[in-house]
Amino acid sequence: MLKKEWFKKFRFLKAIFIGSIFTFVLSAIGNPAHSSEVTIKSHAIAMHGNAKYPADFQRFDYTSDQNKKGGLLRLAGYGTFDSLNAYIAKGNPADSLELIYDTLMVQSLDEPFTKYGLIAHSVEYPEDRSWVTFHLRPEATFHDGHKITAEDVVFTFDLLVKKGNPRYQFYYADVVNVEALNELSVKFTFKNTENKELPLIIGELPVFPKHFWKDKKFDKSSLELPLGSGPYKIKSVNAGRSIRYQRNENYWAKDLAVNAGLYNFDEINIDYYRDSNVAIEALKANEYDFRWENSSKFWATSYDIDSVKNKQLVKKQVIHQANKGMQAFAFNLRKTIFQDVELRKAISYAFDFEWSNQALFYNVYKRAYSFHSNSELAATGLPSPEELELLLPYKDQLPASVFSEAYVPPVSDGSGRNRPNLRKAKKLLDQAGYQVKDNQLYNDKGQAINFEILLVSPGFERIVNPFIKNLKKLGIYVNVRLVDSSQYINRKRSFDYDMMVHIFSQSESPGNEQQNFWGSTSANMNGSGNLAGVKNKVIDKLIENVVSAKSRPELVTASRALDRVLLHHYYAIPQWYTSSSRIVYWDKFNSPDVSPIYDRYFDKGIHTWWYDPDKAANLLSQQ
């Protein structure tokens, strides 16, 4: 009897043991939910490879431990502004509003794409990056003392997707769920594991205070002072004319390593100028301190003055290694005449860069040749074997030139007599069925080929006019429409233009923002970045390859393949670029020994500088 009971008990225990083993095996090999249970928790996350800076780092290498807080930085804005909300597709926002907001993480400027914790002290994710959890710092607060919580993060995400600029719908399209796990932890779950960049993109999220915005209209342009959490507050606003920021003495994150050596000025004032010539004269009269000079003409001719010769007013070029994207004449394919790639290609021959560079730009520029100029991501030569793997499945749907010709922008002899290129353009137009009648070019449907170039800068007319003159020789008549900054922004958002000058800005690690630039779904969405109106299923597929790249080599290959196809469709006419930032400033500042190499405009590098009262006093005594 005892033996029988003992045997029953043994069989019961054995069944439990075997069942436990079976459950464990299933959970280890058969349950996807458990397959990603092993997580990585870190102070930083890199797109590819490892983060440069360890958890205990003290500061970024492009900052200095000699920095001092104090002083005023005076800057110039251009045009005007009528809004203090830079996150919606309405209004013309003031400059530098990002200074009042903190983000979950912050990007280092000496790595291609790595994020370090700011509001979040750490980031947690599985190896397949199917979700990400941000663990917030308990000391993080808004300017009014309210604690930043996971609830604020969820609120911000929902607000930007529903009422923010359309670009956020593309950035966050693969997020299927956002949940506050507790007061200080928030989890984002993704549709799939293809987009390895998404945890970093989410890390860029600014965090808005729910208690401030919940009863306000976020999507309405306004000059009401917003509540932030960043290193600066808005001190005062003179609508359309000036905005002044004041450093927050009680900034919760002032002692964090990611902020060490940064945000040194007590106040930053931005006065607005409607004309660049007036702005330069104001700089020379010491009405403001620092100017980013984007005009080669002004750089070459406007600073031949005593204060520059005496090095009181400093001209300097800051070399960088950043992806410069492409500045270009952008076609709007929503206009029926521009649907024809042969016409777009022919028009590109009328822009004489070599003559412009010599006669107008003092030979300071290089010809833009890619949507990733100055970067390893640019397509050059013929497709590599790795690129062909991505391109050949669509060979019948792509221009034959993608596989047989290296894209090279038209080149002239620089003499100003652009006849060889105009003859090539004429040949293309003849072969495509275009005809000239009474000096006017018509397509095979009888449409006259005329269009308008939308400009916001008067200084650009001298560049556009020779282009227009060459087009006239082909029977194409072009008008220039010069508008103020508010009209320009509104027309750009509503795609109300034929052609415009645009800078296609790119990051060092392209990702799902390419859907905003080139994706079919963004073509008819007002406010999107798809200025050309591209609707192409093959390009949609090539964008997916960029987004899903699992390594840096894969990303380079996918970006080059996409770049190559875009170039051979002639959606834009490349203009020029430079691999340095030109700056002019009064000698009243000190700066670190090293500049951030991926700061393409030096718009972030200025915040590593600090005011030197002795230099300022010496400068004043000499004037």
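Values as computed for the structure displayed
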{"read-out": "Members of the stretch 298-334 found to be surrounded by fewer than 16 Cβ atoms within 10 Å (Cβ to Cβ) and either assigned to a helix (DSSP H, G or I) or among the basic types (K, R) (or both), listed by number", "value": "A300, T301, D306, V308, K309, K311, K315, K316"}
{"read-out": "Residues (assigned to a loop (DSSP other than H, G, I, E, B), at pLDDT 95 or above and over 24 Å from the mean Cα position of the chain (by Cα)) located in the stretch 594-623", "value": "D612"}
{"read-out": "Qualifying strands (runs of 3 or more DSSP E) (wholly inside the stretch 418-462; at least 1 residues being more than 19 Å from D340 (Cβ to Cβ) and without any contact (Cβ under 8 Å) to a residue 60 or more places away in the chain)", "value": "450-455"}
{"read-out": "Residues (of a type in the set (V, I, T) and either buried (at least 23 other Cβ atoms within 10 Å of the Cβ) or touching a Cys at 6+ places or on another chain (Cβ under 8 Å) (or both)) located in the stretch 343-388", "value": "I347"}
{"read-out": "Yes/no for S551 being touching a residue at least 60 places away in the same chain (Cβ under 8 Å), of a type outside the set (A, V, I, L, M, F, W, C) and touching a strand residue (DSSP E or B) at 6+ places or on another chain (Cβ under 8 Å)", "value": "no"}
{"read-out": "Condition broken by K297, with the remaining ones in (1) at pLDDT below 95; (2) assigned by TED's automatic domain parsing to the domain that holds W610; (3) on the phi > 0 side of the Ramachandran plot satisfied", "value": "(3)"}
{"read-out": "Residues satisfying the stated conditions in the stretch 483-498, i.e. buried (at least 18 other Cβ atoms within 10 Å of the Cβ) and over 21 Å from the mean Cα position of the chain (by Cα)", "value": "Y497, D498"}
{"read-out": "Criterion (under 30 Å from S494 (Cα atoms) and either surrounded by fewer than 16 Cβ atoms within 10 Å (Cβ to Cβ) or at pLDDT below 95 (or both)) met by exactly one of D340, D255, D275, D271", "value": "D275"}
{"read-out": "Count of residues meeting criterion [more than 11 Å from the chain's Cα centre (by Cα) and either farther than 22 Å from Y87 by Cβ or not assigned by TED's automatic domain parsing to the domain that holds F351 (or both)] in the stretch 499-517", "value": "3"}
{"read-out": "Residues satisfying the stated conditions in the stretch 499-510, i.e. assigned to a strand (DSSP E or B) and surrounded by 21 or more Cβ atoms within 10 Å (Cβ to Cβ)", "value": "M499, M500, F504"}
{"read-out": "Residues being over 23 Å from the mean Cα position of the chain (by Cα) and β-branched (V, I, T) - total across the stretch 50-71", "value": "0"}
{"read-out": "Some residue of the stretch 390-400 being out of contact with any His (no Cβ under 7 Å at 6 or more places or on another chain), part of a loop (DSSP other than H, G, I, E, B) and either modelled with pLDDT of 95 or more or not assigned by TED's automatic domain parsing to the domain that holds L474 (or both)", "value": "yes"}
{"read-out": "Those residues of the stretch 518-559 which are within 18 Å of the chain's Cα centre (by Cα) and either closer than 28 Å to A350 by Cβ or among the small types (G, A, S) (or both), in sequence order", "value": "W518, G519, S522, G527, S528, G529, N530, L531, A532, S559"}
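The values are calculated or read from the model by the stated rules, or taken from the named source; none is laboratory data. Predicted, not measured: the structure shown is a model, and the values here were computed from it. Because the Cβ atoms are built from the backbone with ideal geometry, glycine has one as well, and the counts that use them run over all protein chains shown.
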